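Just so you know, all these numbers are worked out from the coordinates, no wet-lab data involved. Quick caveat, the model's predicted, so the values are computed rather than measured. Note that we place each Cβ from the backbone using ideal geometry, even for glycine, and neighbour counts take in every protein chain shown.
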DNA sequence: ATGGGGTGTCCAGTCACTGGAAGGTCAAGA
DNA sequence: TCTTGACCTTCCAGTGACTGGACACCCCAT
């Protein structure tokens, strides 16, 4: 198989597959003309990575997972640990994004969105607490005394 | 004010503030010793950006919002448009992450997480549909015929 | 022989910072 | 006066995971 076939079958762009070779995730053989030659096992590795990436695993985690995948002596607890770590990060990101979404949609709701300049969105971003019901404040930190 | 004070008051790292100067978000004056000197308006701009970034706006969007903020002739509809664009992106990201979370937590649930090697997480990533209830398949795309 | 669609390498750019090195500035303490 | 140490400066490089583009080679069909 050459790179285009693998790209089609794995769903990964050829560029990405070359990149994965670059960083050592796959090591396809080479034809006499210099073209990469992928075997079924390369194909499986790439599909594995594609699925793992789709679940949000980092390349580093993919490396660990690939290693565990190839290790018949593995403990499923080790796999579970990697997945759990990822799940925690995803949940944190969701929480962050939900907070953003809530604030944004409240601001959108409060903004008339017409030709007039009055805008609670800008008021909030500008920190104009007087004009805003629930402002988004950034508390200043304590700091060593400054001269001048 | 010098950069440290602004950093404390805006919550942004000094490095980031220098970076923001670099990309033209603020243009603080300079003291005779070369130190940056920030006025209240610089401070407000930076706090504005900090809040906008906290809501997930890109630097580019921050630029637009800053411009609208300074424009007395603005229409709140323009602000609302930027915010709406951002809200859509955030909602899409949340949906993506929730899908990942759901799949991951299902896999975690199915994985014993003990010393044995059997692991539905790896089975799924490996595309071993036979072992998995609801596999995560990547459909191959149609493609121009390939020789060899 | 020509055309077109593959494939190869290499370099640069993305985004928004962040880390680190090497050095200048200033006020307070010994 | 000298030193210490907190602050400040610039510049360069790295992050993650690709992605785009330039340019050239390979191969088959017409």
Mean separation of Cα pairs under 8 Å and 6+ residues apart, divided by the residue count of chain B: what relative contact order is that in percent? 12 percent
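How do A:35, B:20 rank when sorted from fewest to most other Cβ atoms within 10 Å of their own Cβ?
On the way: A:35 12, B:20 23.
If I rank by nearby Cβ atoms, fewest first, I get A:35, B:20.
Take B:6, B:79 and order them by how many other Cβ atoms sit within 10 Å, fewest up front.
Taking fewest neighbouring Cβ atoms as first place, the list is B:6, B:79.
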For B:17, A:3, what ranking results if the residue with the fewest other Cβ atoms within 10 Å of its Cβ goes first? A:3, B:17
By what distance, in whole Å, do the Cα atoms of chain B stretch along each of the three principal axes, largest value first? 71, 41, 39
Whole-angstrom gap from region A:27-62 to region A:1-22, using each part's C-alpha centre: 7 Å
What helix-only [θ] at 222 nm does chain B give? Using -39500 (n - 2.57) per DSSP H run of at least 4, over all residues, to the nearest 500, the answer is -18500 deg cm²/dmol
So how tilted is helix B:59-70 from the main axis of chain B? Cα-based, degrees 0 to 90, rounded to 10. 40 degrees
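Give the average over all directions of the projected area of the C-alpha convex hull of region A:3-56, one decimal, in nm².
Numbers: hull surface 13.9 nm².
About 3.5 nm², averaged over all directions.
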Report, in degrees rounded to the nearest 10, the 0 to 90 angle that the Cα long axis of helix B:76-110 makes with the longest principal axis of chain B. 30 degrees
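So for the protein assembly as shown, Kirkwood radius off the Cα pairs, Stokes-Einstein at 20 °C and 1.002 mPa s: how many µm² s⁻¹? Before the final figure, lay out each step's value.
Working: Rh = 23.1 Å.
D = 93 µm²/s.
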